[in-house]
Amino acid sequence: MIKRSVELTPARLFLDDKLPFYVNRVSESYALQQHAHEFTELCYVFEGQGFHYIGEETLSVAQGDLFILPVGTDHVFRPRSTDPRYPLVVYNFLFDAARMARALAGLPGIDELRTARWQLDLLPAPERPGWRRLRDDSGAYRTFFAGAYPELLGRRTGYVPRMYGAFLVLLTELERHLAENGSERGEAETARGAGALAAALDYIRSAYGAPITAAQAAAAAQMSERQLHRLFPRATGLTFAQYVQDLRVGRARELLRTTRMTVQQVAEAVGYQDKGYFADLFKKKTGLTPRAYRQR
């Protein structure tokens with residue numbers, strides 16, 4: 001297998017000797033390529049829907065998704081549509097973990113935030129954390145990014161301690177979130193739900209080329225259809241129907257890029273007999289008709 005070449009984004013592009021952190025706001029496009037960082041990064045989907053490519057994985061993302069990306073994690077966001085009316089807006093908080101850890105050392109109560117500090121590379125550990133995806137159920141993460149971005153941009157008097165204060169609040173929220181998800185009961189329920197949903201997703205990925213229903217996917221996972229509809233948005237940020245459509249359109253994009261199949265053949269290969277319906281759905285999701293996408 002050929003190893004992909006991934007560009008490394010150096011910390012000096014964003015961080016200087018004065019501050020160990022930086023915040024930006026990006027309306028995602030197709031211009032940026034998959035890349036890795038020399039810094040730890042928190043990415044928050046502030047508006048819209050799209051896809052997040054992390055390593056070899058492709059995730060559907062929506063407003064309220066928070067990603068914790070350790071140093072060296074390669075990734076890129078893509079909007080669901082090229083239509084400017086439906087942007088994918090992502091806020092990024094990036095920081096030098098070693099410098100941030102030194103700045104926070106000695107604060108009263110900081111030792112209580114061990115899980116969050118480990119997840120954010122702020123605590124030395126024999127095992128490095130992997131990337132994490134969290135849902136902003138309380139709105140606390142949105143509040144942090146909505147306040148931190150203009151604060152750093154404006155750089156008014158006292159912005160540095162305010163930024164550190166906001167980060168401490170965020171760190172506390174992360175600790176509580178991770179601790180609650182890691183409780184014995186939470187782990188058991190999460191494991192059962194994740195296992196069942198994984199079976200449903202496996203079924204969908206294997207059968208997307210044929211007509212499939214939520215009832216069929218639920219039966220394949222040995223759960224009720226109601227439970228399937230409840231778990232789907234929590235795990236994927238999408239409804240069952242949206243997930244199936246995204247999967248089919250994603251596969252169609254691949255076929256249009258890599259084969260000489262006609263548009264009708266591609267439509268049938270991904271589960272749509274009606275070429276017109278497929279073309280309309282494809283344009284809605286990508287901003288281009290299938291033919292225009294192939295030419296591009």
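The values are calculated or read from the model by the stated rules, or taken from the named source; none is laboratory data. Quick caveat, the model's predicted, so the values are computed rather than measured. Here the Cβ is made from the backbone with ideal geometry for all residues, glycine too, and neighbour counts use every protein chain on show.
Among (1) more than 30 Å from Gly250 (Cα to Cα); (2) within 23 Å of the chain's Cα centre (by Cα); (3) modelled with pLDDT of 90 or more, there is one condition Glu180 misses while meeting the rest; what is its number? With respect to (1) more than 30 Å from Gly250 (Cα to Cα); (2) within 23 Å of the chain's Cα centre (by Cα); (3) modelled with pLDDT of 90 or more, Glu180 is out only on (3). Taking the conditions (1) within 22 Å of Ala146 (Cα to Cα); (2) modelled with pLDDT under 95 in turn, Phe77 satisfies each one other than (2). Scanning the range 88-113 for residues that are without any contact (Cβ under 8 Å) to a residue 24 or more places away in the chain and over 23 Å from Leu152 (Cα atoms) yields a count of 5.
For Arg260, the stated conditions hold: it is over 20 Å from Leu88 (Cα atoms) and free of Cβ contacts under 8 Å to residues at least 24 places away in the same chain.
Every residue, every condition in (1) at pLDDT 90 or above; (2) of a type outside the set (Gly, Ala, Ser); (3) closer than 25 Å to Phe232 by Cα, yes or no:
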residue: Asp246; (1), (2), (3): no, yes, yes
residue: Gly250; (1), (2), (3): no, no, yes
residue: Leu255; (1), (2), (3): yes, yes, no
residue: Val263; (1), (2), (3): yes, yes, no
residue: Val270; (1), (2), (3): yes, yes, yes
residue: Ala279; (1), (2), (3): yes, no, no
residue: Thr286; (1), (2), (3): no, yes, yes
residue: Arg291; (1), (2), (3): yes, yes, no
residue: Gln295; (1), (2), (3): no, yes, no
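Restricted to the range 194-296, the set of helices (runs of 4 or more DSSP H) holding at least 1 residues that are farther than 25 Å from Thr82 by Cβ and touching a Gly at 6+ places or on another chain (Cβ under 7 Å) comprises 225-236.
I'd like to check something: does the range 61-69 contain any residue that is of a type in the set (Gly, Ala, Ser), under 14 Å from the mean Cα position of the chain (by Cα), in the same structural domain as Asp136 (by TED's automatic domain parsing) and surrounded by fewer than 20 Cβ atoms within 10 Å (Cβ to Cβ)? Let's see the steps before the verdict.
Filtering the range 61-69 for residues of a type in the set (Gly, Ala, Ser) gives 62, 64.
Adding the requirement that they be under 14 Å from the mean Cα position of the chain (by Cα) leaves 62, 64.
From what is left, the residues that are in the same structural domain as Asp136 (by TED's automatic domain parsing) are 62, 64.
Cutting the leftovers down to surrounded by fewer than 20 Cβ atoms within 10 Å (Cβ to Cβ) gives us 62, 64.
Scanning the range 61-69, I find at least one residue that is of a type in the set (Gly, Ala, Ser), under 14 Å from the mean Cα position of the chain (by Cα), in the same structural domain as Asp136 (by TED's automatic domain parsing) and surrounded by fewer than 20 Cβ atoms within 10 Å (Cβ to Cβ), so the answer is yes.
For the range 88-104, a residue qualifies if it is out of contact with any strand residue (DSSP E or B) (no Cβ under 7 Å at 6 or more places or on another chain) and either surrounded by fewer than 20 Cβ atoms within 10 Å (Cβ to Cβ) or among the hydroxyl-bearing types (Ser, Thr, Tyr) (or both), and the qualifying residues are Ala98, Arg99, Ala101, Arg102, Ala103, Leu104. Note on the range 249-278: residues that are of a type outside the set (Lys, Arg) and either surrounded by fewer than 18 Cβ atoms within 10 Å (Cβ to Cβ) or in the same structural domain as Ser206 (by TED's automatic domain parsing) (or both) total 14. Looking across the range 115-136 at every residue that is free of Cβ contacts under 8 Å to residues at least 24 places away in the same chain and surrounded by fewer than 16 Cβ atoms within 10 Å (Cβ to Cβ), the one that is nearest to Leu59 (Cα to Cα) is identified as Glu127.
Determine, yes or no, whether Lys284 is among the charged types (D, E, K, R) and either buried (at least 16 other Cβ atoms within 10 Å of the Cβ) or free of Cβ contacts under 8 Å to residues at least 60 places away in the same chain (or both). Explain how you work it out, then say what you get.
On the way: among the charged types (D, E, K, R): yes; either buried (at least 16 other Cβ atoms within 10 Å of the Cβ) or free of Cβ contacts under 8 Å to residues at least 60 places away in the same chain (or both): no.
Judged against the criteria, Lys284 is not a match.
For the range 30-60, a residue qualifies if it is hydroxyl-bearing (Ser, Thr, Tyr) and either crowded, with 21+ Cβ neighbours inside 10 Å or within 23 Å of Ala146 (Cα to Cα) (or both), and the qualifying residues are Thr40, Tyr44, Ser60.
All conditions in (1) exposed (fewer than 13 other Cβ atoms within 10 Å of the Cβ); (2) under 23 Å from Leu153 (Cβ atoms) hold for Arg85, with the sole exception of (2).
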